[in-house]
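Chemist: Quick one: the structure is below, and I'll ask about it shortly.
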Amino acid sequence: MTTAPFPWPRWILHRGGGDAAPENTLAGMLLAAFAGAKMVEFDVRLSADGVPFLLHDDTLERTTNGHGPADALPWKALSRLDAGAGFSPRFADEPLPSLADAAQLLNDHGLCANVEIKPGPGREAETGARVAADCARLFAGQPQPPLLSSFSVAALAAARDAAPQLPRALLLAEWHDDWLAQAQALSVCAIDLGWRELTAERVAAIHQAGLWLLSWTVNDADTAQALWVMGVDALCTDALALAGQG
């Protein structure tokens, strides 16, 4: 089967601003836009009261001045946390953004979005459905729809049911033999796999199945070039300079 041309930029900046800004913040996304990046990846989960917001971890300590499980707090409390000072004092008081805030910034600056659905424990279906429905509304009318992705099969299934028109990618922590059955069951358009898991045979198999292939996290030009030659469709990177190549 021939895979159609990949419709998004081939470089995707990891967690909003890569390693140049606090992750999953509007400051990072704005920096990405100014640096010439064309697409950013970011993580979305739900607050205790069901508001989609940006955060990678299940807990707050690593990237904010908060403590404990992220989904134990309502959005009003989460929105008051500092998500920037731990990265650098110059980003002090940078807040956790809501999905709505992030979408507005990306739409205003013409950036494409790879939205990774990051459900908290036991909230896989709820998170997948809410994030997908909100993305369908928030990114409506944009030249390219957001690409939804997740390691969670349950979250992707719920996203498919809530917003079947949005494209989805199955994230794999490692290669396993039932990848194709899972991809077909979820009606995804792409596989998203760590670059160290890739071989020429696996790339060919994914494309033969009619799927695109994204890979992460590639931070040097030599590795990237080898992966382009192998046939990877897009790479996620922490390196702002690479992402600026579009």
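Chemist: Right, ALA205: open to solvent by less than 60 Å² (accessible area, probe 1.4 Å), hydrophobic (A, V, I, L, M, F, W, C) and more than 17 Å from LEU147 (Cα to Cα) or not?
Modeler: Yes, satisfied.
Chemist: What is the residue count in segment 208-231 for residues that are farther than 18 Å from LEU148 by Cα, β-branched (Val, Ile, Thr) and open to solvent by 10 Å² or more (accessible area, probe 1.4 Å)?
Modeler: Count: 2.
Chemist: Can you tell me which of LEU180, LEU166 is farther than 23 Å from LEU31 by Cα, open to solvent by 50 Å² or more (accessible area, probe 1.4 Å) and not in a strand (DSSP E or B)?
Modeler: Of the residues listed, the single one that is farther than 23 Å from LEU31 by Cα, open to solvent by 50 Å² or more (accessible area, probe 1.4 Å) and not in a strand (DSSP E or B) is LEU180.
Chemist: Can you tell me which residue among VAL131, VAL115 is crowded, with 20+ Cβ neighbours inside 10 Å, more than 20 Å from LYS38 (Cβ to Cβ) and among the aliphatic types (A, V, I, L, M)?
Modeler: On the way: VAL115 fails: more than 20 Å from LYS38 (Cβ to Cβ).
Just one listed residue meets the conditions, VAL131.
Chemist: For segment 204-240, enumerate the residues that are in contact (Cβ under 8 Å) with a residue 40 or more places away in the chain, small (Gly, Ala, Ser) and outside any loop (DSSP other than H, G, I, E, B).
Modeler: ALA234 - this is the single residue of segment 204-240 that is in contact (Cβ under 8 Å) with a residue 40 or more places away in the chain, small (Gly, Ala, Ser) and outside any loop (DSSP other than H, G, I, E, B).
Chemist: Considering each residue of segment 73-102, count those that are in contact with a strand residue (DSSP E or B) (Cβ under 7 Å, 6 or more places away or on another chain) and not hydroxyl-bearing (Ser, Thr, Tyr), and give that number.
Modeler: Going through segment 73-102 one residue at a time, the tally reaches 6.
Chemist: Hey, can you tell me all the residues within segment 24-73 that are of a type in the set (A, V, I, L, M), without any contact (Cβ under 8 Å) to a residue 60 or more places away in the chain and touching a Pro at 6+ places or on another chain (Cβ under 7 Å)?
Modeler: Across segment 24-73, the qualifying residues are ALA48, LEU54.
Chemist: Could you list, in sequence order, all residues of segment 153-188 that are of a type in the set (D, E, K, R) and at pLDDT 95 or above? Break it down into steps so the answer makes sense when it comes.
Modeler: Of all residues in segment 153-188, those of a type in the set (D, E, K, R) come to 160-161, 168, 174, 177-178.
Matches in segment 153-188: ARG160, ASP161, ARG168, GLU174, ASP178.
Chemist: In segment 113-167, what count of residues is obtained for those that are under 20 Å from ILE12 (Cβ atoms), within 17 Å of the chain's Cα centre (by Cα) and not polar (S, T, N, Q)?
Modeler: So the count comes out to 20.
Chemist: Right, here's the next one. Take ALA200 and tell me if it is of a type outside the set (Asp, Glu) and either open to solvent by less than 20 Å² (accessible area, probe 1.4 Å) or touching a strand residue (DSSP E or B) at 6+ places or on another chain (Cβ under 8 Å) (or both). Walk me through how you get there before you give the answer.
Modeler: Numbers: of a type outside the set (Asp, Glu): yes; either open to solvent by less than 20 Å² (accessible area, probe 1.4 Å) or touching a strand residue (DSSP E or B) at 6+ places or on another chain (Cβ under 8 Å) (or both): no.
No; evaluated as a whole, the condition is false for this residue.
Chemist: Now, a different point. Could you list all residues from segment 27-44 that are within 23 Å of THR127 (Cα to Cα) and surrounded by fewer than 24 Cβ atoms within 10 Å (Cβ to Cβ)?
Modeler: Here is the first cut: in segment 27-44, the ones within 23 Å of THR127 (Cα to Cα) are 29, 39-44.
Once the filter is applied, which keeps residues that are within 23 Å of THR127 (Cα to Cα) and surrounded by fewer than 24 Cβ atoms within 10 Å (Cβ to Cβ), segment 27-44 yields MET39, ASP43.
Chemist: Please find, within segment 57-95, the residue that is least open to solvent (accessible area, probe 1.4 Å) out of those that are touching a Lys or Arg at 6+ places or on another chain (Cβ under 9 Å) and closer than 16 Å to LEU30 by Cβ.
Modeler: GLY84
Chemist: State yes or no: is SER47 crowded, with 16+ Cβ neighbours inside 10 Å, under 19 Å from PRO145 (Cα atoms) and hydroxyl-bearing (Ser, Thr, Tyr)?
Modeler: For SER47, the condition - crowded, with 16+ Cβ neighbours inside 10 Å, under 19 Å from PRO145 (Cα atoms) and hydroxyl-bearing (Ser, Thr, Tyr) - is not met.
Yes/no per residue for (1) in contact with a Ser or Thr (Cβ under 7 Å, 6 or more places away or on another chain); (2) in contact (Cβ under 8 Å) with a residue 40 or more places away in the chain; (3) within 26 Å of VAL218 (Cα to Cα):
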{"residue": "LEU156", "(1), (2), (3)": "yes, no, yes"}
{"residue": "ALA163", "(1), (2), (3)": "no, no, no"}
{"residue": "LEU172", "(1), (2), (3)": "no, no, yes"}
{"residue": "HIS176", "(1), (2), (3)": "no, no, yes"}
{"residue": "ALA183", "(1), (2), (3)": "no, no, yes"}
{"residue": "LEU186", "(1), (2), (3)": "no, no, no"}
{"residue": "GLU197", "(1), (2), (3)": "no, no, yes"}
{"residue": "ALA200", "(1), (2), (3)": "no, no, yes"}
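The values are calculated or read from the model by the stated rules, or taken from the named source; none is laboratory data. Just so it is clear, the model here is predicted, and its values are computed rather than measured. With ideal geometry, Cβ positions are generated from the backbone for all residues, glycine too; neighbour counts draw on all protein chains shown. Remember, those area values only see protein heavy atoms, side chains included, never the ligands or the DNA or RNA. Shrake-Rupley method; radii C 1.70, N 1.55, O 1.52, S 1.80 Å.
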